[in-house]
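Enquirer: Before I ask anything, here is the structure I am working with.
The values are calculated or read from the model by the stated rules, or taken from the named source; none is laboratory data. Predicted model only: the values in this text are computed from it and were never measured. Here the Cβ positions follow ideal geometry from the backbone for every residue, glycine too, while neighbour counts run over all protein chains shown. Quick note on the areas: whole protein, heavy atoms, side chains included, nothing else; ligands and nucleic acids left out. Shrake-Rupley method; radii C 1.70, N 1.55, O 1.52, S 1.80 Å.
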Amino acid sequence: MGRAYQNRKVSMAKTADAKAKVYSKYGREIYMAAKSGGIDPSGNLTLRGLIDRAKKDQVPTHVIEKAIDKAKGGGGEDFAPARYEGFGPGGCMVIVDCLTDNPNRTFGDVRLCFTKTKCKIGTQGAVSHMFDHAAILAFKYGDEDAVLEALLSADVDVSDIENEDGKLTVFTPHADYAKAKQALTDLLGEIDFEVDEIQFMPRSVTPIGGDDVAMFEKFLDMLNDLDDVQNVFHDAEY
């Protein structure tokens with residue numbers, strides 16, 4: 001699968017000014033994970049992975065605890081996932097993942113980002129069929145065979161394993177995320193994952209150049225400015 005996953009997911013923290021938005025995004029994801037899967041990270045691997053990533057991105061502990069406390073109380077905001085798909089400058093394909101408490105507002109905001117940058121928002125499934133929805137787990141370990149055996153024994157559908165300079169990167173379908181992480185934890189104990197994410201990975205790339213590059217970057221910046229946007233995935237190469 002290569003290292004495309006590192007380049008095709010748009011960072012939500014390009015500048016120090018974006019920290020507050022990053023905290024908000026993690027807060028929403030942690031709240032949703034705790035509400036749906038339980039507030040105990042030891043029994044909720046999705047929540048544990050989010051907390052680990054949040055800490056690596058220097059999200060303050062009080063932000064994490066506040067999100068879990070909201071889920072514990074059962075109150076607070078009622079966020080729901082929303083996904084939008086379409087075509088960016090040069091015909092590249094884009095997926096925008098959101099968490100929202102007002103779907104009509106979020107759709108209007110995201111659609112405006114598309115229209116103001118001469119992009120075209122599509123219907124559900126318009127481009128996602130050209131991406132693999134994959135779980136990605138990267139960590140330092142040298143025995144690729146042992147890892148593969150543990151994953152297969154746990155009935156994990158392993159898409160690929162990369163071994164580069166003592167770092168293994170495991171790719172599985174997103175539905176096998178929890179099983180894969182548990183199998184690795186059972187094998188190796190506590191692991192410091194360098195990558196612990198579920199992403200949309202493009203099956204091919206769309207080269208863009210010239211004026212399309214500037215327009216695409218403007219498009220991404222506009223999306224990043226929206227509080228409801230959690231992640232943006234694309235197949236553009238420039």
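Enquirer: Would you list which aspartates and glutamates come within 16 Å of Lys35, measuring only between C-alpha atoms, while excluding same-chain residues fewer than 8 positions from it?
Expert: Once the sequence-local aspartates and glutamates are set aside, what remains near Lys35 is Glu65, Asp69, Glu77, Asp78, Asp101.
Enquirer: At a 1.4 Å probe radius, which order do Lys167, Lys218 fall into by accessible area, largest first?
Expert: Descending order: Lys218, Lys167.
Enquirer: With a 1.4 Å probe and every protein chain kept in, tell me what percent of the accessible surface of the chain is carbon plus sulfur.
Expert: 48 percent
Enquirer: Excluding same-chain residues fewer than 8 positions from Lys179, which aspartates and glutamates have a Cα within less than 16 Å of its Cα?
Expert: Correct list for Lys179: Glu149, Asp155, Asp157, Asp160, Glu190, Asp196, Glu197.
Enquirer: Compute from the Cα atoms of the chain the Rg and the Dmax, the latter being the longest Cα-Cα distance, and quote both in angstrom.
Expert: Using the Cα atoms of the chain, the pair Rg, Dmax is 18.3, 51 Å.
Enquirer: A further question follows. Not counting ligands, DNA or RNA, and with a 1.4 Å probe, what is Tyr31's accessible surface area in Å² rounded to the nearest 10?
Expert: Accessible area of Tyr31: about 10 Å².
Enquirer: Please compare each pair in Lys21/Lys120; Lys70/Lys167; Lys25/Lys120; Lys21/Lys118; Lys25/Lys116; Lys70/Lys120 to a cut-off of 32 Å on the Cα-Cα distance and tell me which ones are over it.
Expert: As for pairs spanning more than 32 Å Cα to Cα, those are Lys70/Lys167; Lys70/Lys120.
Enquirer: Continuing with this model, one more query. With a 1.4 Å probe and all protein chains kept in place, how much accessible area does Asp225 have, in Å² rounded to the nearest 10?
Expert: Rounded to the nearest 10, that gives 100 Å².
Enquirer: Order Thr117, Thr185, Thr61 by their accessible area, 1.4 angstrom probe, all chains in place, largest first.
Expert: Reading off the accessible areas and sorting them downward yields Thr61, Thr185, Thr117.
Enquirer: Nearest 500 deg cm²/dmol is fine: what mean residue ellipticity at 222 nm does the chain get from its DSSP H runs of n ≥ 4 alone, each adding -39,500 (n - 2.57), divided by its residue count?
Expert: Helices in the chain give a 222 nm mean residue ellipticity of -12500 deg cm²/dmol.
Enquirer: Quick one: ranking His234, His62 by accessible area, 1.4 Å probe, largest first, what do you get?
Expert: From most exposed to least exposed: His62, His234.
Enquirer: If you count only protein heavy atoms with a 1.4 Å probe, what accessible area per residue comes out for region 99-236, rounded to a whole Å²?
Expert: Accessible surface, normalised per residue, equals 49 Å².
Enquirer: Here's another thing I want to ask about it. With a Förster radius of 35 Å, plug the Cβ-Cβ distance of Asp69 and Ile191 into 1/(1 + (r/R0)^6) and report the FRET value to the nearest 0.05.
Expert: So the FRET efficiency works out to roughly 0.80.
Enquirer: So, taking all protein chains as they sit and a 1.4 Å probe, how much accessible area belongs to Ile51, in Å² rounded to tens?
Expert: Approximately 20 Å² of Ile51 is accessible to the 1.4 Å probe.
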